[in-house]
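Shown next, in structure tokens, is the structure this report addresses.
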Amino acid sequence: WEIDPNGKFTIFHLRKGVTFQDGTPWDAKAAKANLEAIMAAPIVSLPGVTSIDVIDDYTIRLNTKNYNEVLISNLTVPISSPANLAKGNDAIKLSPVGTGPFTLAEFKRDTSIKYQKWDGYWDKGKPYLDGIEIDIIPEAMTASAAFQRGDTQWIDQPSIPVGVDLKSKGYAYTSIVGNELGLAPDSNNPNSIFANLKVRQAVNYAIDRKSISDSVGRGFLIPRAQWSNTGRPGYIPGMDFSYDPAKAKQLLAEAGYPNGFDTSIIYPPPPYADENAVLAVQANLAAVGINAKLDKVENAKWTEERYNSGWKDGLIYMQSGAFASMSRSFTMSLDASRHDYFSAARPAGTQDLLLQIGSTIDSKAKEALMQKMTKQLQDNATFVPLFFSVNTAFFSPTAHDTGRYDARQQLSLWSPQSAWLSK
């Protein structure tokens with residue numbers, strides 16, 4: 001691709017000789033149809049793009065208001081045959097037609113997904129496997145037993161106790177610092193307890209992140225006391241929220257709650273949230289007088305409250321990818337156009353600062369802006385950072401070259417076209 005030095009467009013040259021699984025050619029018209037569908041979706045995923053032009057059969061130009069680093073990383077979205085795209089959301093979700101190495105053979109909701117090899121894949125000679133089956137096993141110990149029996153060759157993001165057990169038994173694994181975990185307060189509501197800065201600060205000082213990471217996480221959680229992590233862009237040494245229950249109680253008293261208050265924590269099931277970690281956070285809060293009722297909800301309801309209905313008078317569990325690009329990390333949770341965790345008020349100027357971070361090319365200037373964002377979030381106690389997860393996949397000795405959690409890739413990627421099994 002080519003990026004205009006003035007940030008007004010990005011030109012993409014498409015791979016030739018690629019077709020969709022229904023025989024439709026992958027070309028500039030197909031690319032434009034997909035990208036325009038993404039732009040029309042409720043959650044804006046192509047920041048700054050104003051229009052898309054077809055230059056020739058294999059060249060498209062994205063016209064932009066300004067350069068935005070997030071644009072490139074946000075193009076890692078699935079694409080669909082234009083014919084299938086025209087059938088609407090149900091077809092896209094339940095009968096996908098892409099350009100990949102496998103076609104969908106069977107989908108049983110909450111049970112399994114089966115794929116079969118597609119001989120028309122553009123990378124000739126691949127895939128190596130005849131098919132792939134994904135078994136969805138919600139109960140952690142049942143999933144572990146199936147893996148250890150050899151019913152499956154791979155178990156992804158197991159619960160922490162299962163991960164600890166499989167590690168101790170010597171199973172091969174790959175891992176990557178995965179998701180940014182935290183709590184978002186209902187602070188956009190002026191009548192909420194959490195509209196008070198001192199209350200939000202008290203919650204942050206009440207949590208012993210290191211102790212929970214050591215006792216509950218056992219190598220699968222890393223303490224997170226500010227937005228970024230040590231060694232990553234935007235991190236500011238010395239600005240961590242330390243564990244200080246006495247200070248938390250003092251702040252609560254100054255806020256007018258010397259005896260604490262009642263609230264709630266909304267959280268989803270694994271692998272999004274580890275229940276033992278949530279229980280430990282609840283106990284820390286109770287120790288300073290904040291009695292948080294736990295409200296475990298299905299993933300669909302959690303997502304609905306994050307993006308649409310919001311939540312009231314409480315805290316909601318946060319999970320977003322710890323992306324290699326800190327611009328994307330900030331954008332995914334903070335950008336107003338995404339409407340994510342919108343019941344939590346952002347500090348004034350957040351949207352403008354996001355734009356500055358994304359459009360700044362000079363690395364030193366960008367780092368300064370990211371640290372400015374970190375300080376702004378920390379001073380405002382906008383969120384309650386908790387942990388970084390360590391996303392892990394365990395493999396049987398017969399599974400090879402999956403590409404899962406390759407450090408060069410993003411969290412959701414792997415290489416099914418290159419995977420193979422030995423006997």
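The values are calculated or read from the model by the stated rules, or taken from the named source; none is laboratory data. No experiment lies behind these values; they were computed from the predicted model shown. Heads up, the Cβs are rebuilt from the backbone with ideal geometry, glycines too, and the neighbour counts pull from every protein chain shown. When the accessible area is computed, the model is the full protein with side chains, heavy atoms only, and any ligands, DNA or RNA have been set aside. Shrake-Rupley method; radii C 1.70, N 1.55, O 1.52, S 1.80 Å.
If the label point is 7 Å along Cα→Cβ of residue 123, which residues in segment 137-153 have backbone nitrogen under 18 Å from it? From segment 137-153, the list is empty. Here the spin labels are modelled as points 7 Å beyond Cα on the Cα-Cβ line, and at residue 13 and residue 294 they lie 5.5 nm apart.
Over the residues of the chain, the helix contribution to mean residue ellipticity at 222 nm works out to -8500 deg cm²/dmol, using -39500 (n - 2.57) for each DSSP H run of at least 4.
Rg of the Cα atoms in segment 155-209, relative to 2.2 N^0.38 Å, amounts to 1.81. The angle between the Cα long axis of helix 245-254 and the main principal axis of the chain comes to about 70°, on a 0 to 90 degree scale. Ordering 323, 330 by accessible surface, largest first, gives 323, 330; the 1.4 Å probe counts only protein heavy atoms, with every chain in place.
Mean sequence separation of contacting Cα pairs (under 8 Å, at least six apart), scaled by the length of the chain, corresponds to a relative contact order of 20 percent.
Separation of segment 25-73 from segment 166-204 is 33 Å, based on Cα centroids.
The magnitude of the dipole of segment 42-163, with charges of +1 and -1 set on the Cβ of Lys/Arg and Asp/Glu and taken from the Cα centre, is near 140 debye.
Do the alpha carbons of any pairs in 117/423; 29/124; 16/126; 198/366; 65/366 sit beyond 22 Å of each other, and which pairs? Those over the limit are 29/124; 198/366.
GNM, the chain, Cα, under 10 Å: largest mean-square fluctuation among 111, 350, 103? Per the Cα network of the chain with a 10 Å cutoff, 111 tops the list. Here the accessible area is traced with a 1.4 Å probe on the protein chains. For the chain, carbon and sulfur cover 52 percent of it. Here's the picture: charge each Lys and Arg Cβ at +1 and each Asp and Glu Cβ at -1 in the chain, and of 213, 162, 308 the one pushed furthest to the positive end of that dipole is 213. The slack in the chain from residue 422 to residue 146, taken as 0.36 nm per residue of separation less the alpha-carbon distance, amounts to 97.5 nm. Convert 4 °C to kelvin, take the viscosity as 1.567 mPa s, use the Kirkwood radius over C-alpha pairs of the chain as Rh, and evaluate the Stokes-Einstein diffusion coefficient in µm²/s, rounded to a whole number. Reported coefficient: 55 µm²/s. Length gained on full extension, residue 337 to residue 130, computed as 0.36 nm times the residue gap minus the Cα-Cα distance: 70.4 nm. For segment 184-289, the calculated P(r), taken from all Cα-Cα distances in 5 Å bins from zero up to the bin holding the longest distance, is 2, 12, 19, 22, 21, 16, 7, 1 percent. Within the P(r) computed for segment 116-206, what percentage of the Cα pairs occupies the region above 15 Å? In whole percent, the share of Cα-Cα pairs in segment 116-206 beyond 15 Å is 74.
For residue 3, the accessible surface of its heavy atoms amounts to roughly 70 Å² (probe 1.4 Å, protein chains only, rounded to the nearest 10).
Report the local net charge at residue 147: Lys and Arg +1, Asp and Glu -1, summed over other residues whose C-beta lies under 15 Å from its C-beta. Overall, the nearby charge balance is -2. For segment 1-48, the per residue solvent-accessible surface stands at 56 Å², with DNA, RNA and ligands left out and a 1.4 Å probe. In a DSSP loop and with at most 15 other Cβ atoms within 10 Å, the trypsin sites (Lys or Arg not before Pro) in segment 294-340 are 312. Accessible surface computed residue by residue for segment 150-231, with neighbouring protein chains in place and a 1.4 Å probe, gives 40 Å² per residue. At an R0 of 35 angstrom, the distance between the Cβ atoms of residue 379 and residue 77 translates into a FRET efficiency of 0.55. Taken over segment 58-175, the convex hull of the Cα atoms encloses 191 Å³ per residue.
Note on segment 264-423: percent of Cα-Cα distances in each 10 Å bin, starting at 0 and stopping at the bin with the largest distance, equals 9, 29, 32, 21, 8, 1.
Accessible surface ranking for 128, 257, 205, 1.4 angstrom probe, highest first: 128, 257, 205. Gain on full extension, evaluated as 0.36 nm per residue between residue 106 and residue 1 minus their Cα-Cα distance, stands at 34.2 nm.
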